[in-house]
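Some notes on the structure that comes next.
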Amino acid sequence: MAISDHQIEWLTQEEVLVFDNLTKLLAIVGTTSRSKKWYRMFSLIFWLAAYIPMIVGLTVTAVHYIKDLDFLAYTLHHLVLITVAVFVTHLVVPLFDTQILYVMNASKNTYNYESDFVENYAKKIIRKRIKLSRTITKMIYFGMVWIMLEVQVFFMIETFFLKSYQTVFPLAIGLDLNRWLVFVPVVLWQELIVYYTTFLPTTLAVLCYTAWSHLDLEMRILTYAIANVQKIVNEKLSQDGGPGSVSEIYVSYCNHFAKHHADIISEYRLAVSWITPLVFFIGAILFITVGLSLMSDNLGIKLKLFWFLVVQYIVIYFWCLISQKIGEKSEEISEVVVSTPWWLMPRSCQSTLLLIMTRCKKPLVLSTPLGADVNVESFMEMMKSVYQAISVVYQMKTTS
């Protein structure tokens, strides 16, 4: 495809490094083909050796606290979160490895119109986006550190002040945790689980940002090229000369517009459409478990998961906002096509532009696993549904 076949040649080494850092962030999960072989093997052994016993232990703990809603909900939250982490890293990531590599590689490519006019615009917006990418990368690294520190703070509060349970999170496995030889290995085991589980939001953040960023940039470049088709044609004429070639130049660039638009749609279907159901599938499950845990009478559990819920709301909101912007940008392409001087172009160009407008009748709208459009309005509806569900459970708890 043209988008992926034309690598951006004018990027500096420092700018290329920004894209590579995002790829490195994704590679630390250890299950993508971009990870080193020894690290993939180590990750596989670690996940099997550490996560499966933890999932079994949390299942036993959930049964142990079956009559205690406070610890049952909190235990289920960790059980679901860890199970989802295993599901994503060992099933989804390898299964969609081709799409993931496409997303990461495409970020360093763009459509080549062979026009200095378009290229200068592309340089301007891509270099501006690189600055944002550099900031996003730092925020993702900071987010991983923040999660680890937040867990340690609440671990200390729970262990030394509230004393509802002794370890990082409840684990009723029949061990004498009052003995340091038992307590320390269990805590270290849980700390490793927490560390590796942070790869789940890291993977989603890198994929979502990279996919959106490239798709948005390409639609901006296409919109700019269509809106300035006359300037591009004049530029080409000044380079090649000969007024008799005007019709051929118009035909050539209209074909470029149609191909570029088709490539954008293909990229959306290949790289973006599968990410959104994944984000909302994980989000819906975690919203439920976190919501139940927030009804706990345990102050430590409430404080710990309150921040988790806030961050989750922010992530889902921004993805809804991004989805809405993608839809609006794809509709804008049709509006720009209408404003072009199509009456000056050959009839074949008019047919090509009409084809683009026909495609734009179905905007690039992301959807949830249930088929609902992902936008700010659907986010508010989801918030209402989650609130109503939690309110019903809370009323059941208070009246029982």
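Tabulated results
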read-out	value
Charge context of Val376, other residues only, Cβ under 14 angstrom, K/R +1, D/E -1	-2
Partner aspartates and glutamates for Lys236 [C-alpha distance under 19 Å; skip if fewer than 8 residues away on the same chain]	Glu114, Asp116, Glu119, Glu248
In degrees, nearest ten, helix 97-106 long axis to first principal axis of the chain (Cα)	50
Across Lys131/Lys362; Lys67/Lys163; Lys24/Lys131; Lys231/Lys325, pairs whose alpha-carbon gap is larger than 22 Å	Lys131/Lys362; Lys231/Lys325
Helix-only mean residue ellipticity at 222 nm for the chain, each DSSP H run of n ≥ 4 adding -39500 (n - 2.57), per residue, nearest 500	-25000 deg cm²/dmol
Charge dipole (debye, nearest 20) of the chain; +1 at Cβ of Lys and Arg, -1 at Cβ of Asp and Glu	340
Calculated percent of Cα pairs over 41 Å apart (choose from (i) 36; (ii) 27; (iii) 39), label	(ii)
Exposure proxy ranking, count of Cβ atoms within 10 Å, fewest first, for Asp176, Asp20	Asp176, Asp20
Amide proton proximity set for Ile28, modelled H, under 5 Å, gap of 5+	none
Listed residues Ile136, Ile173, Gln99: farthest to the positive end of the dipole of the range 65-173 (Cβ charges)	Ile136
Estimated vicinal HN-Hα couplings, Hz - the range 380-385 in sequence order (Karplus 6.51, -1.76, 1.60; Gly, Pro = x)	5, 5, 5, 4, 5, 5
Residue order, fewest to most beta carbons within 10 Å, for Tyr209, Tyr224, Tyr39	Tyr39, Tyr224, Tyr209
Karplus 3J(HN,Hα) series, Hz, for the range 311-316 with 6.51 cos²θ - 1.76 cosθ + 1.60 (x for Gly, Pro)	4, 5, 4, 4, 4, 5
Nonlocal amide H pairs with Asn109, under 5 Å, H built at 1.01 Å	Ile8
Mean Cα-pair separation over length for the chain, i.e. relative contact order, pairs under 8 Å, 6 or more apart, %	21
Per DSSP, loop GluC sites (Glu not before Pro) in the range 1-106 with at most 14 further Cβ within 10 Å	Glu9
Long-range HN-HN contacts of Ser367 with modeled amide H, under 5 Å	Val374
Ranked list, fewest to most other Cβ atoms within 10 Å of each Cβ, for Arg129, Arg269	Arg269, Arg129
Nearest-ten-degree value, helix 347-360 long axis tilted from longest Cα axis of the chain	10
Residue-by-residue Karplus 3J(HN,Hα) for the range 15-20, coefficients 6.51, -1.76, 1.60, Hz, glycine and proline x	6, 5, 4, 4, 5, 5
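Bear in mind these aren't lab numbers, they're just calculated from the coordinates by the rules spelled out. The model shown is predicted, which means the values in this text are computed figures rather than measured ones. When we count neighbours, we look across all protein chains shown, and the Cβ atoms used for this are built from the backbone with ideal geometry, even at glycine.
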